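Before anything else, here's the structure in question.
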């Protein structure tokens, strides 16, 4: 056998694992993502849920009921616009600073 015909001493690496597409269980339009760790929500939905949990915690810390504020906005004919503007308005109305822990 010549040098050109010799079998390689190192085998090529196997292709990297690609996880199958999974339907996200998060809110909004149906979408899919690749779950490498068994999660059921895509990273964007996980981040949105984390922010919502933080908003609920912060509202409780300020003594504000975000659901009540949203219902009042709907009754007044305004769009509640999500939790961020409501929390900011509640914090401004309550005189609480954003630096409190």
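Please treat every number below as a calculation from the coordinates, not as lab data. None of the values given here were measured: they were computed from a predicted structure. Virtual Cβ from ideal backbone geometry, glycine too; neighbours counted across all protein chains shown.
Is the shape of the stretch 43-94 best called rounded, prolate or oblate, per the rule: a/c under 1.5 gives rounded, else a/b larger than b/c gives prolate, else oblate, with a ≥ b ≥ c the square roots of the Cα gyration tensor eigenvalues?
Cα axes put the stretch 43-94 in the oblate bin.
Compute the FRET efficiency between residue 17 and residue 57 as 1/(1 + (r/R0)^6), taking r as their Cβ-Cβ distance and R0 = 30 Å, and round to the nearest 0.05. Numbers along the way, then the final one.
Working: r = 37 Å, r/R0 = 1.23.
Computed FRET efficiency for residue 17 and residue 57: 0.25.
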